[in-house]
1. Of all residues being assigned to a helix (DSSP H, G or I) and touching a helix residue (DSSP H, G or I) at 6+ places or on another chain (Cβ under 7 Å) in the stretch 443-462, which is surrounded by the most Cβ atoms within 10 Å (Cβ to Cβ)? Just the residue, please.
2. Please state which one of Asn242, Asn190 is assigned by TED's automatic domain parsing to the domain that holds Arg118, at pLDDT below 80 and surrounded by fewer than 19 Cβ atoms within 10 Å (Cβ to Cβ).
3. Is there a residue in the stretch 399-411 that is surrounded by fewer than 17 Cβ atoms within 10 Å (Cβ to Cβ) and without any contact (Cβ under 8 Å) to a residue 12 or more places away in the chain?
4. When only residues in the stretch 169-222 that are in contact with a helix residue (DSSP H, G or I) (Cβ under 9 Å, 6 or more places away or on another chain) and of a type in the set (Phe, Trp, Tyr) count, which is nearest to Leu263 (Cα to Cα)?
5. Can you pull out the residues in the stretch 193-216 that are aliphatic (A, V, I, L, M), buried (at least 19 other Cβ atoms within 10 Å of the Cβ) and outside any strand (DSSP E or B)?
6. Which members of the stretch 82-111 meet the condition of being outside any helix (DSSP H, G or I), exposed (fewer than 15 other Cβ atoms within 10 Å of the Cβ) and under 40 Å from the mean Cα position of the chain (by Cα)?
7. Report every pair of residues separated by at least 6 positions or lying on different chains whose Cβ atoms are under 7 Å apart, first residue within the stretch 605-623 and under 25 Å from Asp252 (Cβ atoms), second of a type in the set (Asp, Glu).
8. Within 21 Å of Gly422 (Cβ to Cβ), in contact with a helix residue (DSSP H, G or I) (Cβ under 8 Å, 6 or more places away or on another chain), surrounded by fewer than 24 Cβ atoms within 10 Å (Cβ to Cβ) and touching a residue at least 24 places away in the same chain (Cβ under 8 Å): which single residue out of Gly395, Gly358, Gly326 fits that description?
Amino acid sequence: MRRTAKDTEESARKVRRRAVLMGGAMGAFVAVLGARMRYLSVDQADEFRLLAEENRINIRLIPPARGLILDRNGKLVAGNEQNYRVVITREDAGDVDLVLRRLASIVPLSPEDIEKTRKEVERRSPFVPIIVADRLSWTDFSKIALNAPSLPGVTPEVGLSRAYPLDIDFAHVVGYVGPVSEKDLEGIENPDPVLQIPKFQIGKIGVERWTEDLLRGKAGQKRIEVNSVGRVMRELERVEGNPGENIRLTIDADIQNFTQVRLGTESAAVVAMDVETGDILSIVSSPSFDPNLFVRGISQKDYSVLMENDHRPLANKTVQGAYPPGSTFKMVTALAALGAGVISPQTGVYCPGHYEVGGRRFHCWKRGGHGTVSLGSALAESCDVYFYDVAQKVGIDKIAEMGRLLGLGEKPDLPMSAITAGVMPDKAWVRERYGQEWRIGDTINASIGQGYVLTSPLQLAVMAARIASGRAVAPRLIKMIGTEEVPLAEAPALPVQAAHLDAVRRGMYEVMNGTHGTAKSSRIADETMLMAGKTGTAQVRNISAAERAAGVVSNDQLPWERRDHALFVCFAPYDRPKVAVSVVVEHGGGGSTVAAPIARDVLLYCLTGGLPPLEAYPAAQRGRIETQFKEMKLRDTGAATSAKSRA
């Protein structure tokens, strides 16, 4: 059928209309596309240029060098050593599992190491480098560098790791560092970004922990260029951070080492203090441990050995240990009674070997008694009955007040972990703690440092220093921060009459040098260094009436854990005190036989600046002392300042 002209015209009109509509739609699309292209390429050019740059350039933190810890003479106690390690960054690695398998074929990586790294990679942000292995040998480190093209996202690095060249000598004081844990971060408000670096090390205990903000320093940063697969092409810019402050302790490394060796295998604590400044010259807890084990990752076997040792090597007995002070407390009772005016130095008390009060008998250590004694002879012979009697006259509240004046029952302000305040009880304390009233027997026990009274070896050293100086000397552990000297705390005169202090000091002198002194066998023979001291024996078990009647079992016949603690405090020289020392030997037996000889040796080392001269000892003891010194294996602490340990 032939189409008419009219049909043909109508069909052409429809085609034109459709062409116009299609052309208009296409024109609109092109216009929108052009506008969008202009918006992206012109209006948003700066933003997209920045995004492209960020894909090409990474910014990474540079951990700062940790500040050094030195002894008072500049000998290195805690330093940094080179550490070859390898890190992986997830966003650059791509297939992390494949890269880790390749890495394990190059250097030794256990399945446990790989699994631990995988979990850490998943937990951290993709741009954070994760340490896969550290403390690599130079050979392994070189292998990784040579195989870099097949290990995207993997970077060999040379970092710094903490090292303790004097290991056991300063373990309890300085402590150690370890990787930042979630618990560490929970306790910090607005944590430093450097703490987010996996396995970044911070102080865990001791000076390392309590001066962390000073030692850590400030991180630097570097800008690196990477290619399309994340391989580092070059370092564009590096801004070094600021290293941490160096800290100089008051402790003398040589005295510290001598004390540690002198204690041997004893479960014990020793503190030596400068009487004039309060500087701690030595503070040793024995046995000790190697802090380097914790930095490198201590094995379960090594940790179990430390935890199962009944001598508790991980505990810092010098500040954490709370012990009955025993007879070393008698100076407190004496000064309280003198201050209250209930006795004079000449007041006599008869000791028949026991003291009866409230129908109960309290015994003196000397079964037959001491007869009539005054303050000087009571201290020299450590007569218990004398102090039972005067304590009843003065009362516990006055005794407690004097104890606090001498530093007992007060927590020392030092950068060390778990410091105890001890217990200096009074009537209010017992009422608050136990909801009961103070009893007469409590005063009797407290008068000789038993019952509720508990003190740390550090507190006993402070007590001895205050008695020696007559001033409220405070202990100081940090001598310098950076180049600035830490100011000495004010040490005002004690509110105690000089005559009373002199009387007590004289009694302590007789302990060492008197005919009947309990520690006369540990006296110093050199007239220029004569010492004053006080022995103490703290019971850790009750002695029954039946045992007392049959004869008290001697300490050496008892299991170790049931023996008495041995204590001793002293200062020297007597006429111009310079150094005070306290010693506590757990389950050591008698203070005069075990603790006093240790204190004498440490005191002499402090005063003479080296191994004590034999002339300082009584002639009859010099042969034994010489043999003892020859068998001691002292460390050459000067070797600790090796160049590799410097930051």
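1. Ranking the qualifying residues of the stretch 443-462, first place goes to Leu460.
2. Of Asn242, Asn190, the one residue that is assigned by TED's automatic domain parsing to the domain that holds Arg118, at pLDDT below 80 and surrounded by fewer than 19 Cβ atoms within 10 Å (Cβ to Cβ) is Asn190.
3. yes
4. Step by step, filter the stretch 169-222, then rank; the result is Phe170.
5. Across the stretch 193-216, the qualifying residues are Val194, Ile197, Ile205, Val207, Leu215.
6. Across the stretch 82-111, the qualifying residues are Gln82, Pro108, Ser110.
7. Listed by first residue and then by second, the contacts come to Pro612/Asp601; Leu614/Glu626; Glu615/Asp526; Ala616/Asp526.
8. Gly395
The values are calculated or read from the model by the stated rules, or taken from the named source; none is laboratory data. Fair warning: this is a prediction, and the values are worked out from it, not measured in the lab. As a convention, Cβ positions derive from the backbone with ideal geometry for all residues, glycine included, and neighbour counts pool all protein chains shown.
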